[in-house]
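Let me begin by presenting the structure, written as structure tokens, before commenting on it.
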Amino acid sequence: MRLWIGLSLPRLPLEVFSPSWCTDAGSVVLEQERVLAASPVARAAGVQPGMRRGGVLMLMPEAQVHERSPPREAEALVAVAMAMLQYTPQVAEAEEGTLLMDVGASLRLFGGVLALCRRVRANVQALGFTVALGCAPTARGAWLLARARHPDGQTGVRRTLRMPSLVRRLDLLDVLLAPPARPYAAWFEGIGCASLGELRRLPRPGLQRRCGRALLDLLDAAYGLNPELHEWIAAPETFSARLELFDRIDDAELLLAGARRLLLQLTGWLCARQLAVERIVLRLEHERGRVARAPTCVEVALAEPAWRDEHLVRLLKERLAKLVLEAPVIGLGLEAKQLQPMAPPNASLFPEPGGSEEDRMRMLELLVARLGAENVLQALPMADYRPEQANMWVPVQQHLQMRISDRARNAQMPPDVMSLPRPTWLLAKPIALLMREHRPFYGSPLRMASNPERIEAGWWNGPETRDYFIAEGQDHALYWV
């Protein structure tokens, strides 16, 4: 099934300065000293498109006035395209701040066109941009549907999957949606041609002589009469993304929205390159100039390679929640430090009970990020007669870096030792017992319930000799003494 999704970012000139997840402080974007775009707060104050700078400052002295920045818009469009690469490798840039995605081969993977559109819309909104989507069997058709406005002036999704319905939808669109038709707006108004359907009914030779071939080519491509050629956006060899913040941030938790924008770009890049990441570094950039400070680096190491943003967002959220900023943050940077090829999916017919190994590792990583590495321990049994050496617990992330030989880890204890009753948990430091009436006392008098087990070991680093008993209290609790 051939299907395209067109993404239009109608508020891109404004939202490169004030993303949708930022608090609206009344932003205005000027082009040639006239208002090009204004935020809802500025519009409520009376700011209108086409107004001069002086009029804006008279109506709203506290307005944040910006000059339009085409480089920022191009950078933002590349960021959106990079995030969309997680859904299809065929993403192309079109004119007027739009993107085109060939998703015909991705529908089944993401649960159909409705589910895919919801995910695309949510991702673009998380990046901080307002988006309008158009779905059609042709790329130019999707582009025109995405550029069209709803009757109430809001952005949304215009979707059509079959050519007959696409033809009917396109015939109702405004003729000036086609860029080659705009220089001839007065002529079209004079002859009463207001829609694309009326434009198609005009004589083609006369229309070509007056308006040029570009208009006819666009119509033929949109209606599926001519093939379309596109230049796909390619993911770079290495990943490094940066985001300039729009205010000085003093609270680390407020940085999560910007960090998620960078993680979405990383997810698209990983899917396009068929890679998984093992370690990422988020750089928190501080003031520059004479009061410059070195960036604060937040490193997230993964036990299992990952390429989805949901898990990375959760880990960063836990890390940022515990971070205390020493200086305001004015910019973010994200780097992927350790990469490896993406692992193939599990081919087993039935799911593993209790979740897969990947699910368990994600749970451990989340616990480490929330509680700290020193509070999430893993057993590391050793072949040693001494119980405090045999019953070792180390941080999960250090389990593989322990300076213990594989020979000692894999050695087997004698069968007679393994048959003896040994506790599975020991106190970090033994407690000296009280003696009452010549009997050990721990909450109640203790009765020795076993013969002694003598341990004589440690000759290589200081010999130790001990006798261990199993003791029973009056509440029938058992202790190793």
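The values are calculated or read from the model by the stated rules, or taken from the named source; none is laboratory data. These figures come from a predicted structure and were not determined experimentally. With ideal geometry, Cβ positions are generated from the backbone for all residues, glycine too; neighbour counts draw on all protein chains shown. These accessible areas exclude ligands, DNA and RNA; they are computed on the full protein's heavy atoms, side chains included. Shrake-Rupley method; radii C 1.70, N 1.55, O 1.52, S 1.80 Å.
Quickly work out the Val281-to-Gln389 label distance, labels modelled 7 Å from Cα along the C-beta direction, and quote it in nm with one decimal.
According to this spin-label approximation, the distance is 3.9 nm.
Please state the relative contact order of the chain as a whole percent: Cα pairs under 8 Å, 6+ residues apart?
Value for the chain: 11 percent.
Just to be sure I understand the model, the point goes 7 Å from the Cα along the line to the Cβ. What's the resulting Arg436 to Arg43 distance in nm?
Modelled inter-label distance: 7.9 nm.
Please report, largest first and rounded to whole Å, the three semi-axes of the ellipsoid equivalent to the chain, where each semi-axis is the square root of five times an eigenvalue of the C-alpha gyration tensor.
Taking √(5λ) for each Cα gyration eigenvalue gives 66, 28, 18 Å.
Given q = 0.14 Å⁻¹, what are the Debye log10 I(q)/I(0) values for segment 201-354, with equal point scatterers placed on the Cα positions and solvent ignored?
Log10 of I(q)/I(0), two decimals: -0.77.
Determine one quarter of the surface area of the Cα convex hull of segment 1-151, which equals its mean projected area, and express it in nm² to one decimal.
9.2 nm²
Just to be sure I understand: of the beta bridges DSSP finds with both ends in segment 26-159, what percent are antiparallel, rounded to 5?
Restricted to segment 26-159, the bridges split so that about 55 percent are antiparallel.
Do the sum for the chain: with -39,500 (n - 2.57) for every DSSP H run of n ≥ 4, divided by all residues, what is the mean residue ellipticity at 222 nm, to the nearest 500 deg cm²/dmol?
When only DSSP H runs of four or more count, the value is -9000 deg cm²/dmol.
By the gyration tensor of its Cα atoms, with a ≥ b ≥ c the square roots of the eigenvalues, what is the shape of segment 172-215: rounded for a/c under 1.5, prolate for a/b over b/c, or oblate?
Rounded.
Based on the Cβ-Cβ distance of Arg68 and Thr424, what FRET efficiency does E = 1/(1 + (r/R0)^6) give at R0 = 56 Å, to the nearest 0.05?
0.25
From the square roots a ≥ b ≥ c of the eigenvalues of the alpha-carbon gyration tensor of segment 93-178, which class results: rounded (a/c under 1.5), prolate (a/b over b/c), or oblate?
Cα axes put segment 93-178 in the oblate bin.
Taking a cut-off of 16 Å between Cα atoms, list the aspartates and glutamates near Lys322, but don't count ones fewer than 8 places away on the same chain.
Asp250, Asp251, Glu253, Glu299, Glu365, Glu374
If each residue of separation counts as 0.36 nm, what is the full-extension length gain between Arg118 and Glu96 once their alpha-carbon separation is subtracted?
5.6 nm
Taking all protein chains as present, what is the carbon and sulfur share of the accessible area of the chain, in % to the nearest whole number, probe 1.4 Å?
Using a 1.4 Å probe with all protein chains present, the chain comes out at 54 percent carbon and sulfur.
Give me the Kirkwood hydrodynamic radius of segment 1-70, using the inverse of the mean 1/r over all pairs of distinct Cα atoms, in Å to one decimal.
12.7 Å
How many angstrom lie between the C-alpha centres of segment 232-292 and segment 63-133?
Between the Cα centre of segment 232-292 and that of segment 63-133, the gap is 17 Å.
Among the trypsin sites (Lys or Arg not before Pro) in segment 223-293, which ones are in a DSSP loop with at most 16 other Cβ atoms within 10 Å of the Cβ? Mind listing them?
Arg288, Arg293
Using a 7 Å offset from the Cα along the Cα-to-Cβ direction at both Arg360 and Arg290, what is the distance between the two label points in nm, to one decimal?
Taking the two extended label points, one gets 5.9 nm.
For an R0 of 60 angstrom, estimate the FRET efficiency from the Cβ-Cβ distance between Met163 and Lys322 and round to the nearest 0.05.
In this case the efficiency is close to 0.60.
Using a 1.4 Å probe, what is the accessible area per residue for segment 1-110, in Å²?
Accessible surface, normalised per residue, equals 45 Å².
Based only on the alpha carbon positions, what is the Kirkwood hydrodynamic radius of segment 226-273, in angstrom?
When all Cα pairs of segment 226-273 are included, the Kirkwood radius is 13.4 Å.
Out of all DSSP beta bridges with both ends in the chain, state the antiparallel percent to the nearest 5.
Among the beta bridges of the chain, antiparallel pairing accounts for roughly 90 percent.
Running Debye on segment 226-311 with equal point scatterers at the Cα sites and no solvent, what base-10 log of I(q)/I(0) appears at q = 0.11, 0.12, 0.16 Å⁻¹?
-0.42, -0.49, -0.76
Express the Stokes-Einstein translational diffusion coefficient of segment 69-221 in µm² s⁻¹, to the nearest whole number, given a Kirkwood radius over alpha-carbon pairs, 4 °C and a viscosity of 1.567 mPa s.
77 µm²/s
What does the charge add up to near Leu100, with Lys and Arg as +1, Asp and Glu as -1, over the other residues with Cβ less than 10 Å from its Cβ?
Spelling it out: positives minus negatives among the neighbours equals -2.
Going by a ≥ b ≥ c, the root eigenvalues of the Cα gyration tensor, does segment 414-481 fall in the rounded group (a/c under 1.5), the prolate group (a/b larger than b/c) or the oblate group?
prolate
By how many nm would the segment from Met1 to Cys297 grow when fully extended, if each residue of separation counts as 0.36 nm and the alpha-carbon distance is taken off?
102.0 nm
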